[in-house]
Amino acid sequence: MTTPSKWVLPTHDPAATEHMASRLDCPLPIAALLISRGITDPASAQAFFHPSMADLLDPMLMLGMKQAVERIQRAIVASEPILIYGDYDVDGTTATVLLKTAIELAAARIAPNDPPVKVTYHVPHRIREGYGMQTGILGQAAASGVRLVISVDTGIRAFAAATEAKTLGLDLIVTDHHLPDDAAGVPEAIAVINPAQDDCPYPFKSLCGAAVAFKLAHAILLAATENDQQRERLIKKTLPSFLKLVAIATVADSVPLEGENRVIASLGLHALANPVQPGLRALMQVAEIPINRAPTANEVGFRLAPRINAAGRMDIASEVVELFLTKDHARASELAEKLNHLNDDRRDTEAKALAVIEARLTTLRDASATFPAECIILDDPTWHRGVLGILASRVVDRTSRPTLILTHEDGQAHGSGRSISGFHLLDALTAIHTSSDPDSIPVFTRFGGHAHAVGFSLPSENIPLLRTRLQAYGASILTGPLLTLKLACDLEIALRELTPHFSDWLTRCAPFGIGNPEPILVTRNLTLAAPIRLIKEKHICLTLQTAGEAGTMTALGWSRTNLDWTARCTALGLIPGSQLDIAYRLKSKSNPRFPGLDLELIGIELASPS
């Protein structure tokens, strides 16, 4: 990754900052951070720091929710078999677990003396079936006696499946969070529940698929309550237990951690401390996440989510659903270990593909090591379909360019794309799919997603057409300002202000993610107080101090940040006594025997002459 050419810091109003700090009794830099992130009054700050179940929005505000609940209640009363049609990623599998559990709980209350409603699920195989609802599966469901199908994390563009369902006599409820097709609208169904659809009055539009399924689960269970005692148990016991999985999906699906998503993530992560469900407990243990405290969003995103996703990427994602439903501790441990091994396989497969990609990226750079101002499109028939999205993310990290990564199978190309801020990738694919020329051919067999991530397939012979149209589309958008490498920083602060008290307040601003990123701090005019130390020949350790002040702090540059820190320090000519400006994240030391704070380096520059 190229070193950012510009560190961008927000401006702060001293009077507003002092007022906020006084009202919250917090450090001035924390008050400045809150204001820069749009939290401009003490009341909003209190809500930010103390999310509660009362902050969750009423699920009945969603368009189609009333109709969906009524149809599910009729199915429960009539003991009609129900099929939940999921997806193979974290979002889809957790959504499947949530909805199946909720329907069975509601059935136990609504019709306790009737034969229990049979709730089955189908999680597609990534390679054999691909993304989205398949008509063949619906035919099998109808033949088995199913009369109601509910999609989770999929279905908003499943027009063929909706038509097939109607033909088969199946009622369909669609729950999804992906963007609808503006031209085609939404599929024909009993109800379509998606806050992103037109005319939906639900005020928060950025829920993940599992959160939308959770809203339906909440509404089903609420409708099944008969008195205040049952409603209180629902709010205090049942829903918080559901939020564990919703929080995992919210973090894994990279939706913005603001508004209701922040409430979901905060409450759900808190509930993950000491989990009781055998599968969740076993998975946290193999992921080496301590179970005696709430995990961080970073631990969920980089340890837990990859192991859940590994099932869908490398094998059968339905085993994730089994893991989170089983009450058998031995089976839970067996499944968790399998996911752990699959994740190792995924990492090996990804590493081999990245080696090829790195070589190709080298050929794309010009003499100044700059990438062309266009979308990057790379394809290779040997790349595993299960890691295409990860590979696309890695290329975006390295190049700051929108990226499509494709593989080939039987004349079809399958791909995933990731984008940069300011370039709406789904809009781009929609625009290039067809042209104004009536004789032009469509590019894709199927595609979908949102602004930052897409999935698609097309005939392999259409790849030249994809390149031509996408480069033409991006030419007027991918210009200098969008591609200028910038590092958005939050605060300029002195080393002496990095106290445990400040660190505690910074931790309270979590969970961090898109929409609420982990703060990046800047400290200027530091002195390199000792020779640079190498750690395992690829990481660096700097000892830094402020001139005229006692004490030093350690700054660590890890290779996982995609920056060659050794080369960077060499290029800057760093020796003991060098004056530096650094950008970093504040971290607690990993070894509890040696408490304190470290600086995780994001960028280094020579200090500007005073």
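Worth pointing out:
- Antiparallel bridges, percent of DSSP beta bridges restricted to the chain (to nearest 5): 65
- From its DSSP helices (H runs of at least four residues, each -39,500 (n - 2.57)), the chain gives a residue-normalised ellipticity at 222 nm of -12500 deg cm²/dmol.
- Summing charges over all other residues whose Cβ lies under 11 Å from the Cβ of residue 598, with Lys and Arg as +1 and Asp and Glu as -1, gives +2.
- Computed on the Cα atoms alone, the convex hull of the stretch 242-388 gives a volume of 138 cubic angstrom per residue.
- Interchain or long-range residues, amide H under 5 Å from residue 413's placed H: 458, 460
- A dipole drawn for the chain from +1 and -1 charges on Cβ atoms has a positive end, and of 502, 544, 415 the residue lying farthest that way is 544.
- When the alpha carbon gyration tensor of the stretch 338-407 is reduced to an equivalent ellipsoid, its three semi-axes come out at 25, 11, 11 angstrom, largest first.
- Couplings for the stretch 488-505, taken from phi via the Karplus curve 6.51 cos²θ - 1.76 cosθ + 1.60 with θ = phi - 60°, read 6, 9, 10, 8, 9, 8, 8, 4, 5, 7, 7, 8, x, 4, 5, 4, 4, 5 Hz in order; Gly and Pro are left as x.
- For residue 118, residues with placed amide H under 5 Å, excluding near neighbours: 82
- Percent RCO, i.e. relative contact order, over the chain, from Cα pairs under 8 Å lying at least 6 residues apart: 12
- By average C-beta atoms within 10 angstrom, highest first, the peptides 96-103, 157-164: 96-103, 157-164
- Taking the average, over residues, of other Cβ atoms within 10 Å as the packing measure, peptides 265-273, 504-512 rank 265-273, 504-512 from highest down.
- Flagged links, alpha-carbon separation over 31 Å, of 100/352; 6/589; 205/327; 100/338: 100/352; 205/327
- Size estimate for the stretch 365-483 follows the Kirkwood approach: the inverse of mean 1/r over distinct Cα pairs works out to 14.4 Å.
- Phi-derived couplings, Karplus 6.51 cos²θ - 1.76 cosθ + 1.60 at θ = phi - 60°, listed residue by residue for the stretch 583-588: 10, 6, 10, 8, 10, 6 Hz, with x used for Gly and Pro.
- Tail beyond 18 Å, pair distance distribution of the stretch 224-301 (Cα, percent): 42
- For the stretch 324-389 versus the stretch 77-111, the gap between their alpha-carbon centres in whole angstrom: 31
- With viscosity 1.002 mPa s and temperature 20 °C, the Kirkwood radius over alpha carbon pairs of the stretch 57-227 converts through Stokes-Einstein to a diffusion coefficient of 136 µm²/s.
- Degrees, to the nearest 10: 260-271 long Cα axis against longest axis of the chain: 90
- Packing order of peptides 329-339, 414-424, 198-208, highest average first: 414-424, 329-339, 198-208 (average count of other Cβ atoms within 10 Å over each peptide's residues).
- Between 0 and 90°, nearest 10: helix 159-168 axis offset from the chain longest Cα axis: 20
- Helix 90-110 axis, angle to the chain major axis (alpha carbon atoms, nearest 10°): 40
- Overall form of the stretch 522-610: oblate. Here a/c, set by the Cα gyration tensor axes a ≥ b ≥ c, is 1.5 or more, and a/b is not larger than b/c.
- Only the Cβ atoms of Lys and Arg (+1) and of Asp and Glu (-1) were treated as charged; on that basis the dipole of the chain about its Cα centre amounts to roughly 1140 debye.
Values in this text are rule-based calculations from the coordinates and carry no lab data. It should be emphasised that the depicted structure is a prediction, and the values quoted were computed from it without experimental measurement. Virtual Cβ from ideal backbone geometry, glycine too; neighbours counted across all protein chains shown.
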